[in-house]
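Engineer: Next up is a structure, given as structure tokens.
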Amino acid sequence: MRVPSRRRPSVSSPLPSPLSRRALLGWALAAPATSLGCKRAPELPALGSVGSFALTDQAGRPVTEGSLRGQVWAAAFFFTRCPTVCPRITRKMREVQQAAAKDSVKLQLVSFSVDPENDTPAVLDAYAKQYGAELKRWRFLTGDLDVVRKTSEQGFKLALDGKATPGAEHFGLFHGSHLVLVDAAGQIRGYYRTSEDEQLAQLLRDAASLK
């Protein structure tokens, strides 16, 4: 899968010439903080909207994209029967949860199940407890597979293929393994590999920058 580029444009302000005291003062007042040595993090690019969805969480409560408006959140796709990458994704999300709490970063976590036939709210609740999820800041969602597929492919731009098939390789399901950062307006602001700790540290820094 090709992850959208997160490169940010640089901003530069040329010095006025000649550098009279008045001109230099005017430039200093107008120039961005990055030019004066007070480094300010560049704004994260908006990479598209997650779109609409209507699903159910581990407590049986309805959750829509509107339920998450006003909050910064990070999403991932998984399923509880997954024998390979999903346990790692969930463990990394737990680490992000713990680091966010420690550093007072306001960040919600959302895990979308791609195996709703098996992953009922009760199954998700047990899975959440198994992995030490703090359910005030971490939701596990299930529901219609077509809704999950549309949300993954059209909203998050992450491939989702197959249907749960016991005995098949990867259980017959193939899905993205990135964490995706979403701002309070439902706009995607970054993709982060769960296999790289530095990328997850960057996710926390980026989440803290979104207000």
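Engineer: Considering only region 38-130, what is the antiparallel percent among its DSSP beta bridges, to the nearest 5?
Structural biologist: Rounded to the nearest five, the antiparallel share is 35 percent.
Engineer: Which residues' amide hydrogens lie under 5 Å from the amide hydrogen of residue 140, considering only partners 5 or more residues apart or on another chain, with H built in the peptide plane?
Structural biologist: 58, 111
Engineer: At 7 Å along Cα-to-Cβ for each site, give me the label-to-label distance between residue 174 and residue 103 in nm.
Structural biologist: Those two pseudo-labels are separated by 3.4 nm.
Engineer: Another question, then. Please turn the phi angles of region 75-80 into ³J(HN,Hα) values with the Karplus equation 6.51 cos²θ - 1.76 cosθ + 1.60 (θ = phi - 60°), one per residue in order, whole Hz, x for glycine and proline.
Structural biologist: 10, 8, 10, 6, 7, 5
Engineer: Return an integer: the convex hull volume of the alpha-carbon atoms of region 84-211, in Å³ per residue.
Structural biologist: It is 108 Å³ per residue.
Engineer: Stretch residue 95-residue 163 to full length: gain in nm at 0.36 nm per residue minus the Cα-Cα span?
Structural biologist: 21.6 nm
Engineer: Right, something else. Looking at the square roots a ≥ b ≥ c of the eigenvalues of the Cα gyration tensor of region 48-146, which shape do they give, rounded for a/c under 1.5, prolate if a/b is larger than b/c, or oblate?
Structural biologist: Verdict is oblate for region 48-146.
Engineer: Straight-line reach from residue 106: which lysines have Cα under 28 Å away, leaving out those fewer than 8 places along the same chain?
Structural biologist: Leaving aside lysines fewer than 8 places away in the same chain, those within reach of residue 106 are 39, 92, 129, 136, 150, 157, 211.
Engineer: By a straight-distance test (C-alpha under 15 Å), which aspartates and glutamates pair with residue 102 as possible cross-link partners, with residues fewer than eight away in the same chain excluded?
Structural biologist: 134
Every read-out reported here was derived from the displayed coordinates using simple, explicitly stated rules and does not represent laboratory data. These figures come from a predicted structure and were not determined experimentally. A quick note on method: Cβ atoms are made from the backbone with ideal geometry, for glycine too, and the neighbour counts reach across all protein chains shown.
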